[in-house]
1. On a full-extension model of 0.36 nm per residue, what is the gain between Ala138 and Trp159, subtracting their alpha-carbon distance, rounded to one decimal in nm?
2. Starting from 0.36 nm per residue, how many nanometres of slack lie between Leu17 and Glu276 once their C-alpha separation is accounted for?
3. Taking amide hydrogens as modeled 1.01 Å from N in the peptide plane, which residues meet the under 5 Å criterion relative to Gly164, leaving out close sequence neighbours?
4. Stretched out fully, how many nm does the piece from Lys304 to Ser337 gain, at 0.36 nm a residue minus the Cα gap?
5. Along Cα→Cβ, 7 Å out, is where each label goes; now give me the distance between the ones at Val318 and Glu26 in nm to one decimal.
6. For a quick protection proxy, order the peptides 205-213, 66-74 by their average other-Cβ count within 10 Å, most packed first.
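What follows draws every value from the coordinates through simple rules; no lab data is involved. Since this is a predicted model, take the numbers as computed values, not measurements. Heads up, the Cβs are rebuilt from the backbone with ideal geometry, glycines too, and the neighbour counts pull from every protein chain shown.
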Amino acid sequence: MTFERPWLLLTLLVVPLALWLYLLAERRRMRYAIRFTNVDVLAGVVGGQRIWRQFVPLALFLLALAALCLGVARPQHTTLVAKDRATVILVVDVSRSMEAKDVKPSRIGAASEAVRVFLDKAPERLQVGLIAFAGDPAVAAPPTTDHDLVREALDTLEWYPSFGGTAIGDALAEAVRVGQQAAGGGNGNLASVTSAAPDRSRGLVSILFLSDGAQTRGTLLPLEGAERAKSAGIPVYTVALGTPNGTLQFGLGRPPQGFPGGFGQGRRVPVPPDPETLRAIANRTGGQFFAARDAKSLKSAYSKLGSRLGRKPGKTEVTYGFLALAAALLVGAGLLSAAWSPRLP
């Protein structure tokens, strides 16, 4: 904890001064105490009191005084504060394998709920964009500070075309393009991703990338897409969703592109995640990797990132907390003093 006006901490000297004045007053009170002629009455007043009670209101008063002195020095707490013009691009895999139910209620259902948790935790002025991808990426919601629009776009994720494989590299490149455009770098086309000044997006744009499988198609390989993010100064936080034993059941006919071939009704095809590739993407770009095998761990990861992405270390003033504490201590001291004051019968 730091203080905006540390020299005002000298006001804490009034605390020992107040204690010295109290002890001086007590000594004078004892010197000029009233002489009771009825010793039995005096014994009844004094003997019924517990000695420690007379010091509790004093201690509360001194603590209140100390809290007030700390408050006037404007205490500040080091925490994470929202960045200006910060942008997070959420990238969600909507390929057919996301229909697997090894993560309840389904992988795509759990992903949608986790993104909602992220939006609840994110700063209000954070720009958030949403990209859905399977064989090709599509911008579901452009970067905006209106998080309700992103929530509405989430409702359509399960209806996006889910066939055609998983293009992780192309999805990363699209996220970089959208992020740079939101930060003021690039002219909106894919070629500008590598030519735009990375300093414009560095520190302002982050990508949160969720997928449940390995790349099966696309122009760019996953690490080629990661290299574009690295060149733009954009960290990629990756989440591998699903369990190694996850499977998806297909009906009559050939499974969609990107899945093992074969025919047969009711055939179950394994759809394990690819944590190695996603971990390599995070390491290459300076992001962080998360493995989510259930909805709870997925929400936990998105909650953590929602509280961190789009923020920077900063100081928040907590003067009001010290003033509230001082007020509560003063009220407590007054009530206890009134309740425990000795009374003559």
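1. Details: separation 21, 0.36 × 21 = 7.56 nm, distance 1.26 nm.
This chain segment gains 6.3 nm when fully extended.
2. Working: separation 259, 0.36 × 259 = 93.24 nm, distance 6.53 nm.
Separation in residues times 0.36 nm, less the Cα-Cα distance, equals 86.7 nm.
3. Gln257
4. Residue separation times 0.36 nm, minus the Cα-Cα distance, leaves 7.2 nm.
5. Here the modelled spin labels are 3.2 nm apart.
6. Values: 205-213: 28.6, 66-74: 19.0.
Descending packing order for the listed peptides: 205-213, 66-74.
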